[in-house]
Amino acid sequence: MLPVVFASAGQVLAEAVERFHPDAVIAIGEAGGRSAITPELQAFNENFARIPDNAGAQPNGEPVIAGGPAIAASPVRVADITRAINGAGIAAETSRDPGRYLCNNIAYRVVQLPVPGLFIHVPALRTVGVATVGAETDVPSAPQPAPLTDAGDAALPKTVHGAPLNEGATPALPRPATTFDELGLGIAAAIAELARQITATR
């Protein structure tokens, strides 16, 4: 769990990576305005807080890392992660904008770690009522830079649940996750695909 605090979230992340020496890192944040699981293709070197963080700070355009690139792209094949989640029957879309709040801050740091890193936004589910957090993810603070592209974006999935679409299969259409178990299923599919990508490069 990372604190929702601009001044310390990145340090907590760095300390966890130093302590556990992971093969890869997937960071997950809530996006109250989204209904699909959205792996983030890139992140921006800008902190902008529509609302204060949990320490009362409200940055207005300061960089995540001074001197860092304006845009940092995930080193993993994000389109394949998205396809894997859809293949598990859970709706997913590749996102090119994680907002400018704490999720973007962590996404920017994660994709520049010395190990493969990915940030995934998930719908903000609650067992009772409607979540009111995460809307800042979908409120752009500034004109959007030209998006980066992912080499896998252009390739459409040829199979659903392993059955070729042109061989009479009846695919299970992905649908939004409405329970925590369904969110878990989608994230598990993302983890499995990232593990496959890492294994394939060794």
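The values are calculated or read from the model by the stated rules, or taken from the named source; none is laboratory data. Computed from a prediction, not measured in an experiment: that's the story for all the values here. Neighbour counts run over all protein chains shown; Cβ positions are idealised from the backbone, glycine included. Just the protein is used for accessible areas: all its heavy atoms, side chains included, with ligands, DNA and RNA removed. Shrake-Rupley method; radii C 1.70, N 1.55, O 1.52, S 1.80 Å.
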(request) Search the stretch 86-125 for residues being assigned to a loop (DSSP other than H, G, I, E, B) and of a type in the set (Lys, Arg), and hand back the single one that is surrounded by the fewest Cβ atoms within 10 Å (Cβ to Cβ). (result) 96
(request) For the stretch 148-161, state whether one or more residues are within 20 Å of residue 74 (Cβ to Cβ) and either at pLDDT 65 or above or in contact with a strand residue (DSSP E or B) (Cβ under 7 Å, 6 or more places away or on another chain) (or both). (result) yes
(message) Residue pairs, Cβ under 7 Å, 6 or more apart or interchain, first in the stretch 122-135 and modelled with pLDDT under 60, second of a type outside the set (A, V, I, L, M, F, W, C). List them.
(response) 134/30; 134/32; 134/33; 135/32; 135/33
(message) Looking at 27, 16, 7 in this structure, which one is outside any strand (DSSP E or B) and under 29 Å from residue 200 (Cβ atoms)?
(response) 16
(request) Would you check which residues across the stretch 41-70 are open to solvent by 30 Å² or more (accessible area, probe 1.4 Å) and in contact with a Pro (Cβ under 6 Å, 6 or more places away or on another chain) and list them? (result) 58
(message) If a residue must be in contact (Cβ under 8 Å) with a residue 12 or more places away in the chain and closer than 27 Å to residue 125 by Cβ, how many such residues does the stretch 9-38 contain?
(response) 19
(request) May I ask you to verify whether residue 28 is at pLDDT 95 or above and open to solvent by 40 Å² or more (accessible area, probe 1.4 Å)? (result) yes
